[in-house]
Amino acid sequence: MVISSPLESASSLTQTPIINDFAFTVATQNGSGSQTSNNVLVKTLFDMGIPVNGKNLFPSNIKGLPTWYTIRASKFGYTARRYQTEIVVAYNPDTAAEDIAKLPENGVCILPADWNWTHSRTDITYYEVPVKDLMAKTDIPSDFKKRVENMTYVGAVAQLFSIPLDMIYTALLANFNGKAKAADMNMQVIRLAYEYFEANVEKRDPYRFEPMDETRGKILITGNEAGALGSIFGGVNLVAWYPITPSTSLVDAVISFKHLRTDPETGKSTLAVVQAEDELAAAGMILGAGWTGARAMTATSGPGISLMSEFSGLAYFAEIPCVIWDITRMGPSTGLPTRTSQGDLLFIHFLGHGDTRQIVLMPGTCEEAFEFGWRSFDIADRMQAPVFVASDLDLGMNNWMAEPFQYPTEPIQRGKVLDEEGLRSFIEQHGKWGRYMDVDGDGVGYRTLPGTDHPMAAYFTRGTGHNPMATYSERSDDWIENMQRLHRKIETARALLEKEIPPVVDVSAGAEVGIITFGTNEPAIDEARDYLASRGIQTDYLRVRALPLPSAVTEFIQSHQRVYVVENNFDGQLCQIISLEHKQSLEHVTSLALGDGLPMTAHWVVEQIVAREGK
Amino acid sequence: MGRTAKTNKIGLTREEYKGSKSTLCPGCGHDSISNQIISTAYEMGIEQHRIVKLSGIGCSSKTPAYFLGRSHGFNSLHGRMPSVATGALMGNPELHAIAVSGDGDTGSIGLGQFKHVIRRNVPFVYVIENNGVYGLTKGQFSATADEGQYLKYYGKNHMPPIDLCLEAIIAGATFVARSFSGDAKQVQSLLQAALRHHGTAVIDIISPCVTFNNDPSSTKSYPYGKEHQIALHEIQVLAPDYVEGKEEITIPEYDEGEVIEVDMHDGTVVMLKRLAQDHDPRNRLQAISALEQAQRDNLFITGLIYYEEPRQTLAETENLLHASFARLPDRLNRPSEQALADVIKNFM
């Protein structure tokens, strides 16, 4: 079997070298500067050409609470979180006992020598780092010492597992934006630890890194950076927002790329970023801008989405384009602010009181976060509707390998907008113009923008009942006609999305078993499918990338004997949406819903499906 | 453009500045304000497509449908007009905006947005049609209702009122005025000045509710307003041509000491002829204490209460291109393929 088994690899270790196929957990205290050490390790492995993924499992806290970072290297290219890691860097005394207990047989524990920790497990290897002694040898000013202490484990890891120091230095420099002084200070500590291990410590474990050539041409980026960059290239003119984890870094990234939107002639910008007083105001601002034809977006998470629900209903009903990113975290309520989730899907698909059905895009990769970043604006303008992008903390805040992003394939599409000339010819052709007249039969009217210099251009936008001429109406027939048109529009959106953002489908196995999912579960499912195949369970696969639900889902369900809908929320929300839309029997469809706050593992997927397939 | 007796300088009749028919109660103060907006825009020769009308929810917020029928309008959510106005003027900084709100809309559910839009100095006219009562829900007290006031359905009001002019000044407004819907001349001159202001211009207009709050004992009633309004000054706006650019302004002669000249950003001069009190609107502390004093005396002072040279607007703070973004060529809204390649290199 060529595939590393997520269930068995941990327990089947021997002293045969294990190269580029293992995972670390780095346990530290929040705010101790470990983010730098971990980023540098991930970047170095990436630069060595080894497929790698780093995940930050952090607390909702500024300083002191425990935080874990997992780094997985996989020569097979697997990037999902590992159920168990072979190595732990136990640098947090508060959690060390538990962290060490979690190690598999033949695991490795790296911990500070200063603790004089009892080596109670005989089935693992302990390595001790004399943190205090090493730090005493540096000439680093005492103010900085605490902040660079974590670099001692970087040096230990580098020596033990064969990471070249010069490559670590390159990654350090990149991390500090080329500032040699900061990089040198950190490097001094790394080198001291490295040299200590080289001279004094005998390697007693089988794990080792070796350079590969699997990351050439790839990039390492977070989903929030990718989404921000996509929005910049999508022509966003206004980002109105209110800080909330885990979406804040998306707006931070927009700000960092904002210079790309400076008009060289005037030195003026075509993009403003406004920090609003709350999410209500952020949503109001993007509606105001979208109404004038500008491209506007916000980024938020569950609690912010709750506050935006009234404006979302208005945008749906008054038909105003805008883009809302939901970097989903655990709810209900404040929930777990720093833990990942796919638990907002039902809420945002139906966001707004009354009969509302919102468009949702669900990126699962950084390439998609970039693409949906720009495409969401085209879809919003063409559908004259809000577009939600349901990302999550795992995609948004963690570093992922990705192919370099593809420049938008089409020019900016603003949909049905009538300028002075357009309005003239529309009236010539149809005798009159009304904002909500459906002359094309696709549910999408023609809009004029404020500032249009034509005596008939103005209309009154409202969240109250209206007729095709956009005038106030309380008549039942007008109401029904309007709702029917909005439903035609939903069908138009479904067809458009099915064409432009079709589901990812793999039916190459021609299997009886089908797996349906969305978003960031793909790495775990990919790995699980390989493993299941090795156990004789072939599976087909479909990943939904947009709502309203594509009709391909119906075909997929009908053409498989048993279907599992795998998702990372507690209630099986995608499965619920499928059951609403899918008219045939669903007896053979099973919801596999997790929702434990952590990125999904192949282990869990395999366990669930094996239990049901009985093999 | 030629003028006739019946058209303004851009050749439109007053009729062409009207909106649809009002559905408010006959005699509502709000309708008088709509009429003043119509007259002001007509007199100034405003091109309606350059204006957007915005509002929240409530009786007052219905009124943008009743004036400037050739301007785009947006009747948004309760208390949220300021954020929508902010977005609209950031989405197209070439637009001007007239927004209408009520005392419930601004003083209760929207108090936060009211203060923050002022703080950001979004350049628009913010009219509050203040009647101290919730009309559409049949007569509850609003946050501007007088302490001790009695209403038929709700009995006595035990809470002190929020003074929206005071709130505006404290929030950093650079143009704060108060008027009475029955005072057509003053409302019009304040609107004229506000339309030329380079920042958020707040006009709190006491506008009696003929159905729920017109008892002579209420400070928001017609009889009370007529008796207790103290106009601080007579206002005259001497303006360069709104459409065709600046013309020389000749200032008529007033007696020294009786006239305050307020120079506005676009070259307009607002002449304030002192009446009842010695009030200089350029003095923030004096404006605050005048409002305090009036509240204690159960009076309301009207006119331009506070004015200062406006600071940067939000679009200026953001160094925003003065343009309608939807009409810009793609190259200004989307960086080049090379720019993407350059950024991507940093992530390799």
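The values are calculated or read from the model by the stated rules, or taken from the named source; none is laboratory data. Worth saying up front: this structure is predicted, and the values here are computed from it rather than measured. All Cβ positions, even for glycine, are placed from backbone atoms using ideal geometry, and neighbour counts span all protein chains on display.
Worth pointing out:
- Listed by position, the helices (runs of 4 or more DSSP H) contained in region B:267-348 that have at least 1 residues being of a type in the set (Ser, Thr, Tyr) are B:284-296, B:314-317.
- Where strands (runs of 3 or more DSSP E) fall entirely within region B:29-139, those with at least 2 residues that are β-branched (Val, Ile, Thr) and more than 13 Å from chain A (Cβ to nearest Cβ) are at B:125-130.
- Any chance B:THR144 is in contact with a helix residue (DSSP H, G or I) (Cβ under 7 Å, 6 or more places away or on another chain) and among the hydroxyl-bearing types (Ser, Thr, Tyr): yes
- Restricting attention to region A:451-481, the residues being in a loop (DSSP other than H, G, I, E, B) and in contact (Cβ under 8 Å) with a residue 12 or more places away in the chain number 13.
Results for (1) under 18 Å from A:ILE219 (Cβ atoms); (2) of a type in the set (Gly, Ala, Ser); (3) at pLDDT 95 or above, shown as yes or no for each residue.
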site	(1), (2), (3)
A:GLN29	no, no, no
A:SER32	no, yes, no
A:GLN35	no, no, no
A:LEU41	yes, no, yes
A:MET48	yes, no, yes
A:PHE58	no, no, no
A:ILE62	no, no, no
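- Residues located in region B:272-290, provided they are under 20 Å from the mean Cα position of the chain (by Cα) and surrounded by fewer than 20 Cβ atoms within 10 Å (Cβ to Cβ): B:ARG282, B:ARG284, B:ILE288
- Listed by position, the helices (runs of 4 or more DSSP H) inside region A:80-194 whose residues that are surrounded by fewer than 18 Cβ atoms within 10 Å (Cβ to Cβ) and assigned by TED's automatic domain parsing to the domain that holds A:TYR69 number at least 3 are A:96-101, A:131-136, A:142-148, A:165-175.
- Among strands (runs of 3 or more DSSP E) entirely within region A:218-301, having at least 3 residues that are under 17 Å from the mean Cα position of the chain (by Cα) and more than 7 Å from chain B (Cβ to nearest Cβ) singles out A:296-300.
- Selection count where residues are of a type in the set (S, T, N, Q) and surrounded by fewer than 24 Cβ atoms within 10 Å (Cβ to Cβ), scope region B:123-143: 2
- Set B:LEU68, B:LEU12: member being within 21 Å of the chain's Cα centre (by Cα) and of a type outside the set (Asp, Glu): B:LEU68
- Tally of residues being part of a loop (DSSP other than H, G, I, E, B) and either surrounded by 21 or more Cβ atoms within 10 Å (Cβ to Cβ) or out of contact with any strand residue (DSSP E or B) (no Cβ under 8 Å at 6 or more places or on another chain) (or both) across region A:59-79: 5
- Restricting region A:302-318 to residues that are within 12 Å of chain B (Cβ to nearest Cβ) and not aliphatic (A, V, I, L, M), the residue that is nearest to A:PHE388 (Cα to Cα): A:SER312
- When residues of region B:144-177 are limited to those that are assigned to a loop (DSSP other than H, G, I, E, B) and among the hydrophobic types (A, V, I, L, M, F, W, C), the one surrounded by the fewest Cβ atoms within 10 Å (Cβ to Cβ): B:MET159
- Residue within region A:451-470 that is of a type outside the set (Lys, Arg), within 14 Å of chain B (Cβ to nearest Cβ), on the phi > 0 side of the Ramachandran plot and touching a Phe, Trp or Tyr at 6+ places or on another chain (Cβ under 8 Å) present: yes
- For region A:348-450, the strands (runs of 3 or more DSSP E) that sit wholly inside it and include 2 or more residues that are within 14 Å of chain B (Cβ to nearest Cβ) are A:399-402.
- Which numbered condition B:ALA231 fails, given (1) touching a helix residue (DSSP H, G or I) at 6+ places or on another chain (Cβ under 9 Å); (2) over 17 Å from B:ALA294 (Cα atoms); (3) surrounded by fewer than 24 Cβ atoms within 10 Å (Cβ to Cβ): (2)
- Here B:SER76 does not fit the description of being within 16 Å of B:ASP204 (Cβ to Cβ) and surrounded by 22 or more Cβ atoms within 10 Å (Cβ to Cβ).
- Look at (1) buried (at least 19 other Cβ atoms within 10 Å of the Cβ); (2) among the β-branched types (Val, Ile, Thr); (3) in contact with a Pro (Cβ under 6 Å, 6 or more places away or on another chain) and you find that A:THR245 fails only one, number (1).
- From B:GLU147, B:GLU94, B:GLU129, residue being of a type in the set (D, E, K, R) and closer than 12 Å to B:VAL52 by Cβ: B:GLU94
- Matching residues, region B:196-217, being in contact with a helix residue (DSSP H, G or I) (Cβ under 8 Å, 6 or more places away or on another chain) and modelled with pLDDT of 95 or more: B:THR200, B:ALA201, B:VAL202, B:ILE203, B:ASP204, B:ILE205
- Selection count, region B:321-348, where residues are among the hydroxyl-bearing types (Ser, Thr, Tyr) and under 35 Å from the mean Cα position of the chain (by Cα): 1
- Matching residues in region B:318-348 - criterion: being more than 7 Å from chain A (Cβ to nearest Cβ), free of Cβ contacts under 8 Å to residues at least 60 places away in the same chain and surrounded by 13 or more Cβ atoms within 10 Å (Cβ to Cβ): B:ARG327
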